[in-house]
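This report concerns only the one structure given below.
The values are calculated or read from the model by the stated rules, or taken from the named source; none is laboratory data. Quick caveat, the model's predicted, so the values are computed rather than measured. Here Cβ is always computed from backbone atoms with ideal geometry, including for glycine, and neighbour counts include all displayed protein chains.
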Amino acid sequence: MKSILKTLLYKVGYSIKKIRPAARPVSGAAGRNKAAADVMALLHATNPYEGFDYAALPFDAHGWGGDSPAFRELIAAQKPGLIIEVGTWKGASALTMASVVKELGLPAKIVCIDTWLGALEFWTDHSDPQRYGSLRLKHGYPTVYYQFLANVCHHGQQDRIIPFPQTAATGALWFRRSGITADMVYVDASHEEEDVYQDLCNYWEVTAPGGMMFGDDYSWDGVRLAVQRFAAEERLKVEFSADKWVLRKAAA
Ligand SMILES: C[S@@+](CC[C@H](N)C(=O)[O-])C[C@H]1O[C@@H](n2cnc3c(N)ncnc32)[C@H](O)[C@@H]1O
């Protein structure tokens, strides 16, 4: 009985221990910037870049849609304190966002949530060098995370980019529990409709009022159908910046 109650309370966002909201929203840009600065320490007891021999892995940030002008346009307008990227791969889009943030002199951090295990389409074609081949399986387990880490170091962006090797769902839950919201969430993980829809639901919860979710590959059926379904349910207009879809959250 207690566990059923606990599950129900948890689902509506409460912890049974003290009947308090599971997420404590950090309000205001200053609060968000402070929270953003804390994320590295909250996630990692030891800095993931510490002692990492990145020179052993030459720079290779091949990805998809990572050099879009939309990143600059959206970041310049939003002036975020915290960006969450869901689906990072080798870091192409994260590095573009980090260089825009640096160029604009913003204090923003970028949290990269990825399992670094690849999405469905990465495992369906052994002859695809950019997906299956780039997983760099070692005894059957992907090692592409280290290529991402090396790429960040080659670009000297270790202070801005925070790796969070997790599933999209658990990553969102971590943010909800921490009470930290992001001004921008870039959604580019699984492209299967139900997965994308779930990512949109989960990350809308951690998008700050006045913030936005945006993403890649609107031409993929799974992405488009999920974005359209979510937008209709939330009565949002799907906007576009270059090749990215954008959903804006009303200010509080
Ligand atoms: C299309 S790639 C990301 C491309 C990247 N944004 C770029 O600029 O090149 C998709 C990534 O999402 C990750 N991914 C897929 N499903 C995921 C999930 N459920 N949780 C976390 N990461 C996931 C994969 O490991 C992969 O690295």
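Would you say ALA45 is closer than 19 Å to ALA150 by Cβ, among the hydrophobic types (A, V, I, L, M, F, W, C), more than 16 Å from the ligand (Cβ to nearest atom) and surrounded by fewer than 18 Cβ atoms within 10 Å (Cβ to Cβ)? No. When you scan segment 237-252, how many residues do you find that are touching a Phe, Trp or Tyr at 6+ places or on another chain (Cβ under 6 Å) and either part of a loop (DSSP other than H, G, I, E, B) or within 13 Å of the ligand (Cβ to nearest atom) (or both)? Count: 2. In segment 122-134, of all residues being over 19 Å from the mean Cα position of the chain (by Cα) and in a helix (DSSP H, G or I), the one that is nearest to the ligand (Cβ to nearest atom) corresponds to SER134.
Residues that are under 17 Å from ALA182 (Cβ atoms) and within 8 Å of the ligand (Cβ to nearest atom) were ranked within segment 63-95; the one that is surrounded by the most Cβ atoms within 10 Å (Cβ to Cβ) is ALA94. With the requirement that a residue be away from the ligand (no atom under 12 Å from the Cβ), touching a Gly at 6+ places or on another chain (Cβ under 9 Å) and in a helix (DSSP H, G or I), what does segment 207-236 give you? Correct list: VAL227 only. Out of segment 135-152, which residues are over 24 Å from GLN78 (Cα atoms) and either under 19 Å from the mean Cα position of the chain (by Cα) or within 11 Å of the ligand (Cβ to nearest atom) (or both)? LEU135, PRO142, VAL144, TYR145, TYR146, GLN147, PHE148, LEU149, ALA150, ASN151 - these are the residues of segment 135-152 that are over 24 Å from GLN78 (Cα atoms) and either under 19 Å from the mean Cα position of the chain (by Cα) or within 11 Å of the ligand (Cβ to nearest atom) (or both). Here segment 109-120 is the region considered, the condition is being over 13 Å from the mean Cα position of the chain (by Cα) and farther than 18 Å from GLY66 by Cα, and the residue that is nearest to the ligand (Cβ to nearest atom) is LEU117.
Residues checked against (1) surrounded by 18 or more Cβ atoms within 10 Å (Cβ to Cβ); (2) more than 15 Å from the ligand (Cβ to nearest atom); (3) modelled with pLDDT of 95 or more:
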| position | (1), (2), (3) |
| --- | --- |
| ILE161 | yes, no, yes |
| PRO165 | no, no, yes |
| THR170 | no, no, yes |
| THR181 | yes, yes, yes |
| ASP199 | yes, no, yes |
| ASN202 | yes, no, yes |
| GLU205 | no, yes, yes |
